[in-house]
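Every number in this text was worked out from the coordinates using simple rules, so none of it is lab data. Just so it is clear, the structure is predicted and the values come from calculations on it, not from any experiment. Methodologically, a virtual Cβ is constructed for each residue, glycine included, from the backbone with ideal geometry; neighbour enumeration extends over all protein chains shown.
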Amino acid sequence: MGIIELQNVSYADGDQTIIHHVDLSVSAGDSLTISGPSGCGKSTLLKLIASLISPTSGTISFNGKNQTAYDYPTYRQQVSYCFQQPTLFDNSVRDNLKLPFQIRSVPFDEARIGALLELVDLPLTFLDKKVIDLSGGEKQRIALIRNLVFPPQVLLLDEVTVGLDTRSKTIVQALIKNVQEQTTTVIQVTHDETEIAAATHLIEMRQGALQK
């Protein structure tokens with residue numbers, strides 16, 4: 001049994017069916033890349049796994065339990081979703097990176113944050129940067145390491161390198177590779193040809209269905 005299991009999952013928005021009868025099993029520690037043309041349902045599938053939306057039919061399981069058996073905070077701490085457009089809030093980088101500690105009611109660990117910032121080629125002084133002053137690539141790096149302060153069991157990446165400059169894309173891809181080499185299961189959707197070529201486990205999606 002996989003860490004993530006989808007059984008006959010479909011999703012409809014009004015009268016439009018976006019995901020069609022998807023069966024998928026992802027093993028713990030796997031690195032799965034889902035490719036396919038724009039509009040084929042890749043991001044919708046990832047949002048279903050993230051429990052951001054609910055399937056119209058079928059079941060999604062995490063660690064052998066139905067997704068619906070978990071309360072949202074517990075589930076989302078273990079199955080963490082990174083948006084294509086990074087979502088940062090408040091005034092500073094520090095505010096954003098404090099959030100995972102506040103959720104768990106534990107003290108802010110500046111040494112841990114410093115090590116993560118170093119992984120994405122940013123100095124510790126970056127903590128005092130205003131979010132409004134960050135580039136797109138810097139925002140994505142901060143959003144990613146916010147998800148990794150307390151490593152989830154499953155990391156979901158929704159085309160997180162789209163629109164990044166070459167340097168930022170290289171840094172983010174190196175971080176993803178580092179995560180893949182640890183114990184975290186990674187599921188990413190992408191149409192980036194270099195990421196598709198580097199995939200160790202690749203599935204193509206077309207018109208809401210996974211291609212066998």
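Structural remarks
- The magnitude of the dipole of the range 32-146, with charges of +1 and -1 set on the Cβ of Lys/Arg and Asp/Glu and taken from the Cα centre, is near 340 debye.
- Length added when fully stretched, residue 182-residue 109, from 0.36 nm per residue minus Cα-Cα: 24.2 nm
- Distance from the C-alpha centroid of the range 55-102 to that of the range 126-198: 15 Å, rounded to the whole angstrom.
- Sum of -39500 (n - 2.57) over DSSP H runs of 4+, divided by residues of the chain (222 nm, nearest 500): -10000 deg cm²/dmol
- Check: the chain dipole with +1 on Lys, Arg Cβ and -1 on Asp, Glu Cβ, in debye: 260
- Selection from 134, 97, 4, by position along the positive dipole direction of the range 4-210 (Cβ): 97
- To the nearest ten degrees, helix 166-180 and the longest principal axis of the Cα atoms of the chain are 70 degrees apart.
- Förster radius 35 Å - calculated FRET efficiency between residue 77 and residue 191 (Cβ-Cβ, nearest 0.05): 0.75
- Value of relative contact order over the chain, rounded to a whole percent, pairs C-alpha under 8 Å and six or more apart: 32
- Percent RCO, i.e. relative contact order, over the range 121-212, from Cα pairs under 8 Å lying at least 6 residues apart: 27
- Long pairs among 98/130; 98/139; 130/177, criterion Cα-Cα beyond 20 Å: 130/177
- Of the chymotrypsin sites (Phe, Trp or Tyr not before Pro) found in the range 22-90, the ones in coil according to DSSP and having at most 12 other Cβ atoms within 10 Å of their Cβ are 89.
- The range 1-99: relative contact order in percent, alpha carbon pairs under 8 Å with at least 6 residues between: 29
- GluC sites (Glu not before Pro) lying in DSSP loop within the range 161-205, provided at most 12 other Cβ fall within 10 Å: 181
- Signed unit charges on C-beta, dipole axis of the range 4-210, positive-most listed residue 160, 73, 86: 73
- Percent of beta bridges antiparallel (DSSP, the range 4-210, rounded to nearest 5): 50
- Stretchable slack from residue 63 to residue 165, in nm (0.36 nm times residue separation minus alpha-carbon distance): 33.0 nm
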